[in-house]
């Protein structure tokens, strides 16, 4: 909803009014319990489309129940790369991190990522596992950077210094190709999704990490609760460094 401009992307409605071809709209985000303005905009978008697509069955439930949309809705799950389920040694060796326990998070950086809670959790983990290396991969979200510059990234870097974790946390401040993302994920032992939005129904980054066969630690947002089983990973509390600490130690000691 932040891509097309206006309130909740409502500039898109004007565009759709002059389009003469059939329109298919994919809702990557479907927000439950919407305020009236958002509900009206989504209903207008739905009215201007031939078909709607969401990425989870939960998305259909929300559009039906909370937006009262009757139009036919299709589910197309979030795509993922096709990779072999190898251990991390090969890619770790290529990256020069073969002796490290590699944790990672990737995506466009913004404050809803909740990365500071992961950083704080490492203060206890590194006492037991000093060879931990946490990779924070990705540029700052362009909309966030336009509004506030690198405020959040600078905040995270200060947190790393505050907790004396300069040897255990590394930032990759650039856009990645799909091939690069896959290589980073395959070099990862535990992927961490620290999202602070409990209502997020899709996460491409989490889907990619699971597709690469990584162990997962995630906050319990909607998509994570749907996709993470005990065999795939652990759910932790929002904004709770101790919860991350306990989950990391549990996985690393297994």
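Observations on the model:
- Just checking the listed ones, 103, 165, 16: in the Gaussian network model of the chain with Cα springs under 10 Å, the one fluctuating most is 16.
- Of 155, 238, 15, the residue with the greatest mean-square motion in the GNM of the chain, using alpha carbon springs below 10 Å, is 15.
- Relative contact order, percent, the chain [alpha-carbon distance under 8 Å, six or more residues apart]: 19 percent
- Here the range 103-254 is treated as a Stokes sphere of Kirkwood radius computed over C-alpha pairs; at 25 °C and 0.890 mPa s its diffusion coefficient rounds to 159 µm²/s.
- Of 205, 219, 229, the one that fluctuates the most in a GNM where the chain has Cα springs shorter than 10 Å: 229
- In the distance distribution for the range 102-146, Cα-Cα pairs more than 15 Å apart total 47 percent.
- Structure-based [θ]222 nm, the chain - -39500 (n - 2.57) summed over DSSP H runs of at least 4, per residue, nearest 500: -12000 deg cm²/dmol
- Three-way shape label, the range 7-75, alpha-carbon gyration tensor, a/c 1.5: oblate
- Stokes-Einstein diffusion coefficient of the chain, Kirkwood radius over Cα pairs, 25 °C, 0.890 mPa s, in µm²/s: 125 µm²/s
- Global form of the range 1-117, assessed from the alpha-carbon gyration tensor, a/c cut-off 1.5: prolate
Read-outs throughout are calculated quantities, based only on the coordinates presented, and are distinct from any laboratory measurement. Since we're looking at a predicted model, the values are computed, not measured.
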